[in-house]
Amino acid sequence: MLGDGQLGAMLRDAGRRLGVDVETLNPEPAETSQAWAPRGHAIITAEREHWPDNGFTRNLQAEPGWLNAAAFAALTDRQSQKALLDALQLPTAQWCQVTAEADLQSLRAALNGEFLLKRRRGGYDGRGQWRSQTADGEGMPDWHDEAIAERCIDFSTELSLIGARDAQGNMVFYELTENFHAGGILQISLMQPGRFARWQREAEFYHARLMSHLQYQGVLAIEFFLTDAGLLINEVAPRVHNSGHWTLAGASVDQFEMHLRAISGLPLVTPMQPGCSVMVNVIGRAVDPACLTLPGTRLHWYGKQERAGRKLGHLNFFHPEAGHAAEWLRQLPLDAVFAESRERALRALVGDCPE
Ligand code: AMP
């Protein structure tokens with residue numbers, strides 16, 4: 001597995017349970033480990049979509065067991081990702097290139113209103129983004145040719161779909177997950193069976209189309225905006241995804257095991273997802289131990305240093321009944337920055353599906 005962050009660690013855990021030997025690889029290894037070579041018939045995938053271009057990563061990508069080269073080539077640059085979505089006629093937020101001549105007015109005109117600049121590479125958790133709404137006319141960053149411009153979308157909520165495909169083209173999907181962000185960072189994910197049943201089939205259709213086109217193997221995540229005009233794809237990640245962490249507690253096969261099954265020829269099944277799952281990210285500073293006094297809490301700690309805005313772990317809760325999930329979320333001691341996401345998630349747990 002190229003990458004040795006928390007996703008790699010959770011993939012290793014899944015491998016231990018499944019009897020699949022998973023080795024995670026630092027893309028910037030110390031001199032001594034440059035000689036890494038696959039043992040036997042290694043299958044190589046990645047738990048991240050960006051890595052430094054060095055001798056080690058180039059060698060890895062030249063291995064016969066390296067999967068998903070086409071997906072990484074198309075999806076890791078936002079511009080080629082958006083172009084692919086358009087070519088496959090998959091609905092996505094209107095966008096345009098940011099050429100050397102582009103300025104605030106020309107981009108507003110091209111996109112019929114306010115827009116976001118998004119860096120083509122390397123942006124995550126809302127980083128590498130800039131909103132024209134807050135602009136005073138002069139403030140647009142000089143990201144010409146390094147960013148795309150995307151129309152500001154008015155959405156009722158954000159959803160994601162995690163799916164997997166194997167070498168034979170078999171595909172499985174989880175239920176749509178509802179995601180609550182603040183400042184571009186995912187704070188809370190919620191999965192209630194059937195809540196977005198109306199959109200499930202359409203989301204799976206788009207997902208399947210993309211994975212089939214790329215001959216993709218493994219788990220892939222698509223983030224959507226739910227708008228008056230239906231689903232719009234926000235972005236695609238060719239890997240296991242933060243919004244699928246709830247599957248560790250709430251699905252018979254979690255997304256990490258699913259990825260390993262998909263790439264190693266083990267059976268793919270639609271997992272049982274029999275109840276309500278809530279995932280809360282631990283962001284910036286250590287988890288309040290009081291979280292652990294709630295009997296339903298499952299903590300996953302990533303062993304990282306505290307840093308503002310950094311994802312340090314996550315908390316999962318699963319219960320067959322939404323009311324219990326709401327009670328857990330209400331009682332969970334969380335920083336004030338979670339207040340709005342928690343309110344919205346609680347409304348979702350007791351309310352109707354947004355139109
Ligand atoms: P991203 O890194 O592209 O997933 O963006 C992070 C968050 O910014 C998203 O989850 C949305 O909440 C918000 N966002 C991204 N793109 C748009 C858009 N075109 N219009 C409105 N909000 C957006």
- Hey, does segment 5-19 have a residue that's more than 22 Å from the chain's Cα centre (by Cα), without any contact (Cβ under 8 Å) to a residue 24 or more places away in the chain and not assigned by TED's automatic domain parsing to the domain that holds H213? yes
- Query: Given segment 1-106, what helices (runs of 4 or more DSSP H) lie entirely inside it while holding 3 or more residues that are charged (D, E, K, R) and open to solvent by 20 Å² or more (accessible area, probe 1.4 Å)?
  - Reply: 6-18
- Message: Given the criteria basic (K, R), over 24 Å from E49 (Cβ atoms) and either outside the structural domain of L117 (by TED's automatic domain parsing) or under 12 Å from the mean Cα position of the chain (by Cα) (or both), does R198 qualify?
- Response: yes
- Residues of segment 258-292 being in contact (Cβ under 8 Å) with a residue 12 or more places away in the chain, open to solvent by 20 Å² or more (accessible area, probe 1.4 Å) and not β-branched (V, I, T), in sequence order, are R261, S264, G265, L266, L268, M272, Q273, P274, R285, A286, D288, A290
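Would you kindly identify the strands (runs of 3 or more DSSP E) lying entirely within segment 121-205 that contain at least 3 residues that are open to solvent by less than 40 Å² (accessible area, probe 1.4 Å) and within 16 Å of the ligand (Cβ to nearest atom)?
Per the criteria, 147-151, 157-165, 177-182, 185-191.
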- Residues of segment 256-274 satisfying the condition of being in a loop (DSSP other than H, G, I, E, B) and farther than 14 Å from G163 by Cβ: S264, G265, L266, P267, M272, P274
- Query: Which one of F338, F317 is in contact (Cβ under 8 Å) with a residue 40 or more places away in the chain, in contact with a helix residue (DSSP H, G or I) (Cβ under 6 Å, 6 or more places away or on another chain) and open to solvent by less than 30 Å² (accessible area, probe 1.4 Å)?
  - Reply: F317
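Every residue, every condition in (1) modelled with pLDDT under 95; (2) under 29 Å from H245 (Cβ atoms); (3) outside the structural domain of G265 (by TED's automatic domain parsing), yes or no:
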position	(1), (2), (3)
A37	yes, no, yes
R48	no, yes, yes
F56	yes, yes, yes
L67	no, yes, yes
Q81	no, yes, yes
Q89	no, no, yes
- Message: Just the residues that are more than 14 Å from A221 (Cβ to Cβ) and among the small types (G, A, S), please, taken from segment 151-200.
- Response: S156, A167, G169, A182, G183, G184, G194, A197
- Could you say whether any residue in segment 236-255 is buried (at least 20 other Cβ atoms within 10 Å of the Cβ), within 16 Å of the ligand (Cβ to nearest atom), assigned to a strand (DSSP E or B) and modelled with pLDDT of 95 or more? yes
- Please specify each residue of segment 49-107 satisfying the condition of being among the polar types (S, T, N, Q) and within 16 Å of the ligand (Cβ to nearest atom). T76, Q79, S80, Q81, T92, Q94, Q97
- Looking only at segment 206-225, count how many residues are part of a helix (DSSP H, G or I) and in contact with a Lys or Arg (Cβ under 6 Å, 6 or more places away or on another chain). 1
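The values are calculated or read from the model by the stated rules, or taken from the named source; none is laboratory data. If you're wondering where the values come from, they're calculated on a predicted model, not measured in any experiment. A quick note on method: Cβ atoms are made from the backbone with ideal geometry, for glycine too, and the neighbour counts reach across all protein chains shown. Please note that ligands, DNA and RNA were not included when accessible areas were found on the heavy atoms of the full protein model with its side chains. Shrake-Rupley method; radii C 1.70, N 1.55, O 1.52, S 1.80 Å.
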